[in-house]
Structure formats: C-alpha cells, structure tokens
1. Long-range amide H contacts for ILE178: which residues qualify at under 5 Å (H placed 1.01 Å from N, peptide plane, sequence gap of 5 or more or a different chain)?
2. What number comes out for the charge environment of LEU357, summing +1 per Lys or Arg and -1 per Asp or Glu over other residues with Cβ under 12 Å away?
3. For ALA277, which sequence-distant residues (separation of 5 or more, or a different chain) have an amide H within less than 5 Å of its own amide H, given hydrogens modelled in the peptide plane?
4. Pop out the ³J(HN,Hα) list for region 89-101 in order, Karplus 6.51 cos²θ - 1.76 cosθ + 1.60 with θ = phi - 60°, rounded to Hz; leave Gly and Pro as x.
5. In the chain, what percentage of the DSSP-assigned beta bridges are antiparallel, given to the nearest 5?
6. Under 26 Å between alpha carbons: how many lysine pairs meet that in region 167-284, if sequence neighbours fewer than 8 apart on the same chain are excluded?
7. Could you give the distance between the Cα centres of region 47-105 and region 311-363, to the whole Å?
8. Tabulate in residue order the Karplus-calculated ³J(HN,Hα) for region 107-118, using 6.51 cos²θ - 1.76 cosθ + 1.60 with θ = phi - 60°, rounded to whole Hz; enter x for Gly and Pro.
Amino acid sequence: MSGNTISRRRALQAIAAAAGTAVSAPAILRAQDTLQLGVLTPLTGAGGFDGPRMLKAMQAVATEVNAAGGLLGRQISLIIEDDQTNPEPAVRASRKLIDVSKVPVIMGTWASAVTSAVAPVCWESKTFLTTVSGADSITLLPHQGYLIRTQPNNHLQAQKHAEFIASIGAKRVFCLSIQAPFAVPTQNRLSEVLPQKGSQLIGSLIYEKDKTTYRSEIDQALRAKPDFLYLNGYAPDVTVMMRDLYRAGFDGGRLTQSYALTSKVLESLPPEVTEGAYTTQPSADIDSPAFARAVKRLGIDDPDSYETQATDWISLVCLTIAKAKEATGTALRDNVRKISQGSGMKVYTAVEGLKALAEGKEINYEGASGPCDFTDIGDIQDCKFRYQQVAGGKFKFLKVA
C-alpha cells in the first residue's frame, strides 16, 4: 500500500467523521456484522465540490436507517472511496470495493468519463451502480440492468437548456464543450432544438482540459459573432474561460451547468467576470414531502439536485434490499422498479418505506429529487430544471421549469 493511499484513506475518514458518517472505527472492526454498501464519489478533482455533499446526504440516510433498526437485521456501513474525478483511480477504487469489501452496490459516480470506465467493472461483477452522470452513452452501454441514474440524460438536458436559451432571446448560439462523452450529443441536440424555438447553433468546438488559457478557442468562437455562449465544461476549465471571455470583451449571454460555476468559483473570480452568467441544473422536487424531509435531515434550507439524488440512491438501495430480502447486485437490479414505480403506497423516506414493507405493503418511493421512475435502460423518465443568474457576485434564483 502506498503512502498516497494511506493519506487518502485518512483524509476520507476525516471527512466522514466530520459529516457524522455511519462508518466509524468500531463499525469497520465489526465489518462482518454490518451490511456494507459502496460509495464511489469525487471527493477531490473537478467534482470535489459536489462529491462531499452527496456523501453527506447518503450518510444522513444511513444514520436514520440505522437508528430505526438497520437493514435485514444489520447496521449499514458505508465503505467510501474517492474517484478523484478521474477514470483510472476510479476503476482501481471500484475493484477494491467489489473484490475486497464485496459490496453489492456502488453509489455516487459523478463524471461521465468515470461512470463509463466503472460501469463495465460493475456489470461484469454483477454489482449495481447508481450515478448522477448525464452522458447519453452511459445507459446505452451493455450494462445488463446493473445501472440506474437519477440525473436526466444528456438528450433531455440539452433540450431543456436550448428551450431556456431561446426563451431569453438568444439568436446566435455557440457551444464550447470539454472533451467528454457528453460533448457531441449536447451539440447535436442543441442544433435540433434551437431552430424549433427561433434560435440557431451557429458553431461549436471541443477543447482539452487542464489548459491555463482558452483564448484561442474563445477567439474562434467569437469570430462567428455569437450573442450567446453555451459553456459545456467543468469548474476548472470554465473558471479559466470566464476570465478569458472577460478579457476578450465578450458582453453576450453565457450559460453553464451549476457544477461548473459553483459558489466557490464565484468567490475566486472578480464579480465583473461572472456578472450576468446563467447556471442550470436538474431541480430537486421542492414541493415533495421527500424534499421537506431532506431539508430537515440535512439541516439546510435548500438541498440541491445532487444532494437530493444522493438521498434517493441510498433510499432506493435500502428499500430494494428490504423488498428482495437479499443484498446482492442482482437482487437490486431485479427489484428496484418494484419499490419505485407502480401503484403501491407512496413513501417519501427509506425508514417510512422499510416500515411499510415490514407490514407486507407494496410501496412506491417518491424521491427528494423527483419521482424515481426509470426506463428499461435505467434512465430517469423526467425532471424539472432550476435556473439562476449571477448578480453582484451572487446567485439570483430565476425559476424552476
């Protein structure tokens, strides 16, 4: 074991302890007496803003389930690995979770490139995978049913984004995408939807990550004379791009995903650099009883889509295991839709659903992120989107639609 591995494990244990995790030193020592569930999420790298918050949401549900008596007569123990927002360490970590910890499920992959790399490891070992990655290609993989995602796929996201861009009056849109599985599908869908709404995609390009400047790419985009830019990247590259756009004097509109323009990014840039930029993300179901329970459980006023999706992953996993009376990846694959869609009694938390199952009732889990109704290939069927705009260095809520 390398020194880097040891230090990473210590760092993760510190994060877990600070968040009040269900994984403690005594729990690790009594691993044979616990039901171990795998968490593979970005605690570092480009996803390092969202990963720890998703982890905390999963820990909160695990703590609640354990306080109510656990699952299949055992306490839940979350076995946590950092995917570093990087496919290679993510694959190594997934193999460790599967081969050493023998987990039936891995929850929490974020980047599409990471999920694309980890998914084959999961289906080949019959391990269930829950993810927030949006690339269309993910659910088109031959995953044999061992994968669901609560994030809308790229096709749906690009459609909603195009509709919003056109609704605010943009006519000439240029798309700059990081090299990633979602890059080309996003551009293709924008080019289909924008003309239907009176706008057009006048150009697009794909750029490499980890550059200190994107001025050449920006100059190429601006030569097309766009009035709006769709920045389809991650926080590190979008941060650089925002600076370069400001220096280039671009005064048109900009839209990017909320994970690319975070509150941390806003704090790192002068207010004038990000002024007026729009962000979007799939919206939590803010009117749902499950959302209200998540607010109380997490102790925050407005859990976002990542926190609520993570809440739903572990809730779905717990309820499916209870329904199947078996903690295996195959049992999760074969039973997850039996507790998440249909005509059963609506439940809004894992504990509420576990109680109903124990009483012999059929259930339909309605999540904090929205209804957890999945297609045959594992895509969520629909969701709403949240839009914000930067004003004076802060996010201003616009709408959920």
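The values are calculated or read from the model by the stated rules, or taken from the named source; none is laboratory data. Given the structure is predicted, the values throughout are model-derived calculations rather than measurements. In this analysis, Cβ positions are derived from the backbone assuming ideal geometry, glycine residues included, and neighbour counts consider all displayed protein chains. Note: areas computed on protein heavy atoms with side chains; ligands, DNA, RNA excluded. Shrake-Rupley method; radii C 1.70, N 1.55, O 1.52, S 1.80 Å.
1. For ILE178, the qualifying residues are TYR207, ASN232, GLY233.
2. Values: positive: LYS323, LYS325, LYS338, LYS355, LYS361; negative: GLU352, GLU359, GLU362.
That sum, taken over residues with Cβ under 12 Å, equals +2.
3. VAL390
4. After applying 6.51 cos²θ - 1.76 cosθ + 1.60, I find x, 5, 5, 4, 5, 5, 5, 5, 4, 7, 7, 9, 7 Hz.
5. Values: 14 of 53 bridges.
The antiparallel proportion sits near 25 percent.
6. Numbers: LYS171/LYS197; LYS171/LYS225; LYS197/LYS225; LYS209/LYS225; LYS209/LYS264; LYS211/LYS225; LYS211/LYS264.
Step by step, the pairs that qualify in region 167-284 add up to 7.
7. If we compute the Cα centre of each part, the gap is 18 Å.
8. Once θ is set to phi - 60°, the couplings for region 107-118 become 10, x, 5, 10, 6, 4, 5, 5, 4, 4, 7, 7 Hz.
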